[in-house]
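This report refers to the structure that appears directly beneath it.
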There are 2 protein chains.
Amino acid sequence: MKNIIYILFIGITFFSCKEGSDQNEEAATTIDEISDPLSSWNDGATKTAIIDFIEKVTTQGPDFVPIEDRIATFDNDGNLWAEQPAYFQLFFAIDQVKAMAKDHPEWKDKEPFKSVINNDMKGLMASGEHGLLELVMVSHSGMTGEAYKKAVSNWLKTTKHPRFNQPYSALIYQPMVELLAYLRANEFKTFIVSGGGIDFMRVWASEAYGIPSDQIIGSSIKAKFDYTDGKASIIKLPEIDFIDDKEGKPVGIYQHIGKKPIFASGNSDGDLQMLQYTDSNTYPSFQLYLHHTDAEREWAYDRESSIGRLDKGLDEAHGKGWTVIDMKNDWKTVFPFQ
Amino acid sequence: MKNIIYILFIGITFFSCKEGSDQNEEAATTIDEISDPLSSWNDGATKTAIIDFIEKVTTQGPDFVPIEDRIATFDNDGNLWAEQPAYFQLFFAIDQVKAMAKDHPEWKDKEPFKSVINNDMKGLMASGEHGLLELVMVSHSGMTGEAYKKAVSNWLKTTKHPRFNQPYSALIYQPMVELLAYLRANEFKTFIVSGGGIDFMRVWASEAYGIPSDQIIGSSIKAKFDYTDGKASIIKLPEIDFIDDKEGKPVGIYQHIGKKPIFASGNSDGDLQMLQYTDSNTYPSFQLYLHHTDAEREWAYDRESSIGRLDKGLDEAHGKGWTVIDMKNDWKTVFPFQ
């Protein structure tokens, strides 16, 4: 993101003083990047398909889409940032539970907490969906919205990804950050529609992707208003409110945005319904799948992965002619730090 | 709304050709209106308080608020448009039930339907909150999102308000439309936060107030995704999802926007918690109550009204020095058609 801002800033400086004579190499490099808003993408069919679609719907003619209907929705985990070896939010939940364990002696004999305390990831996974949900509930509720924000923010500042030794928020995909900015430059409104926690994302995603908090949609737990001694706050409750995954994604889009997207981007079977919903738009629409094919710079996984499985979605994409990003071949850069 | 667009358009034309010589009277009138973005407001303490606040938070200094945190939330019923003699959405529900009655012979003996069919408003009101809820459920669910939209849109085109003989969507408050535009001109993001139905508002409110559908928050019923024979749609279900009223308003704001407003505007006790929540912002904030004091041009009601009761809210506003609009004295115009 910082790169993008930097490039844009240099760009503005350059254009506003282009009759000057002291242009240096940095500015010269920048012109190339400015002229190509998707400079981290290799030339090829994928990049061309994206650009052609955006040009088509923003040019007066039969395929023109009015600005107010240019809605673009993006999955987050594995689509805007990485999701291996496990969803980053799960690492946060684990670290929170560990920090809370000293106040909960009963956890040392109770799953899934026992496995967390013993660093037993296999045991944790064996506790199944129910165990993971309990972990998330305990670590995400019973506090004010403000306190939760602070906890996530502190965690992001102090922890690093096990493989890349970078803060988790550095593991965003540079080509997708460029795509988001390119869509906005063409007056699209960009949204995140993720199975991840809405509050978790809102702490860091606005800065990372340039998407305001009200355009971030995700899974949520219930909350209540508290007004005690003239002090107003929101308390997060240990109860599921909405699961923004699979069939939930079109419902989340309907309830939160109230319009069908014309552009949808995801990387797993959990995004399939969002892409089907977008495909039913009476306007021209674009469906984009990210296929993780790059074990060297990132990871390679699809049909057999327990995280971010892409199986039915890949078949449907091929059958319907949706665009599939081949990460290894389509992306010049993956992460901004590489 | 059309007036506003017209004024702005004339304004732009005028400023862009101000060295020309053929300025006519229309343009001359327009200059006065342009120079006063709140031209339907009488000069006085209320108007001054609003302008002073907006200037304060948009001017560099200790009270400056960054653009991304300039969130303004507005109640709708009785605050942006009228709500007497009953919520307009209730009239829609009644008309829908009447139209559906021929397929439901069992309704002629069953409340609240019996009262609706017999035009017995007293009987309907006697069926209480539960009866009204049943009415709304029956008339708002069991169809696709698209079909519901069409029903609301047709109804708005074909029905008129009993007192003013105008389409319901004409009963919007001109001064509030100006206030919304003034806030946006100062880079506020404006939201509706209403107890009314989110889908009902989204049909007409974007055009009426210039607020995009994703910035409209309201009460909702559950929905599900349907994918049959390759056709994707959203089906509205007869089950409450969220009541965006009283304690629900700060929760709706938290879940949907993810930021505390710095400007909140309402007209009833149902808005009190939203104003309390806004008042707890660490930035400077502004709380605005609309007091219905104009029986001649609109209605006069407050502490005793069953619709839009303003009782506790009025006390708290006086106690805390919040700004209260006296409709009769503060507004030069109420409705655009007057």
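Assorted remarks:
- When the alpha carbon gyration tensor of the range A:245-307 is reduced to an equivalent ellipsoid, the three semi-axes, largest first, read 26, 13, 9 Å.
- What a 1.4 Å probe finds exposed on the protein assembly as shown is 53% carbon and sulfur by accessible area, rounded to a whole percent.
- Other-copy label distances relative to B:ALA185, 7 angstrom Cα-Cβ extension, nm: 3.1
- Dipole-positive endmost among B:GLY142, B:GLN338, B:GLN60 within chain B (Cβ charges, Cα centre): B:GLY142
- Distance in nm between pseudo-label sites at B:LYS320 and A:GLN338 (7 Å out along the Cβ direction from Cα): 5.1 nm
- Simple label model, 7 Å out from Cα along Cβ direction - B:ASP311 to B:MET121, nm: 2.2 nm
- Per residue, the accessible area of chain A comes to 45 Å², computed with a 1.4 Å probe over protein heavy atoms only.
- Computed E for B:PHE164/A:MET100 - FRET, C-beta separation, R0 51 angstrom, nearest 0.05: 0.30
- Rounded Å value of the spacing that divides the Cα centres of the range B:238-315 and the range B:76-115: 24 Å
- Integer Hz, Karplus 6.51/-1.76/1.60 couplings in order for the range B:272-280, x for Gly and Pro: 4, 5, 5, 6, 4, 4, 5, 5, 8
- Only DSSP H runs of four or more residues enter the estimate; each adds -39500 (n - 2.57), and after division by the residues of chain B the mean residue ellipticity at 222 nm equals -12500 deg cm²/dmol.
- With DNA, RNA and ligands ignored, accessible area of B:HIS104 (1.4 Å probe; Å², nearest 10): 60 Å²
- Note on A:GLU247: accessible area approximately 100 square angstrom, rounded to 10, probe 1.4 Å, nucleic acids and ligands left out.
- Listing of the range B:175-220 residues, each with accessible area lower by at least 20 Å² in the full protein assembly than in the chain alone (probe 1.4 Å): B:LYS189, B:ASP199, B:ARG202, B:SER213, B:ASP214
- Other-copy label distances relative to B:HIS104, 7 angstrom Cα-Cβ extension, nm: 4.6
- Among B:SER169, B:SER268, B:SER305, the residue with the largest mean-square fluctuation in a Gaussian network model of chain B, with springs joining Cα atoms closer than 10 Å, is B:SER305.
- Highest-fluctuation residue, A:ALA264, A:ALA232, A:ALA170 considered, GNM on chain A with Cα pairs under 10 Å: A:ALA232
- Coordinate range along principal axes, alpha carbons of the range A:235-280, Å, largest first: 37, 23, 13
- DSSP beta bridges in chain A [antiparallel fraction, %, rounded to 5]: 40 percent
- Proximity of backbone amide H atoms, modeled 1.01 Å from N, is registered between B:TRP41 and B:LYS332 at under 5 Å, excluding neighbours fewer than 5 places apart on the same chain.
- The range B:81-124 shape via C-alpha gyration tensor axes, a/c threshold 1.5: oblate
- Interatomic Cα distance distribution for the range B:156-214, bins of 10 angstrom, percent: 20, 49, 27, 4
- log10 of Debye I(q)/I(0), alpha-carbon scatterers only, for chain A at 0.08, 0.09 Å⁻¹: -0.42, -0.53
- The P(r) of the protein assembly as shown has a tail past 37 Å containing 44 percent of all C-alpha pairs.
- Going from the isolated chain to the complete set of protein chains, the range A:236-265 loses at least 50 Å² of heavy-atom accessible area (1.4 Å probe) at A:VAL251, A:TYR254, A:GLN255, A:HIS256.
- Loss of accessible area when B meets A, both sides summed, Å² nearest 100, probe 1.4 Å: 2900 Å²
- Each copy carries a label point for B:TYR283 at 7 Å from Cα toward Cβ; from one copy, the others' points are 2.8 nm away, ordered from shortest.
The values are calculated or read from the model by the stated rules, or taken from the named source; none is laboratory data. All of these numbers come straight from a predicted model, not from anything done at the bench. Note: ideal-geometry Cβ built from the backbone for every residue, glycine included; neighbour counts use all protein chains shown. Heads up: the accessible areas ignore ligands, DNA and RNA and are worked out on the full protein's heavy atoms, side chains in. Shrake-Rupley method; radii C 1.70, N 1.55, O 1.52, S 1.80 Å.
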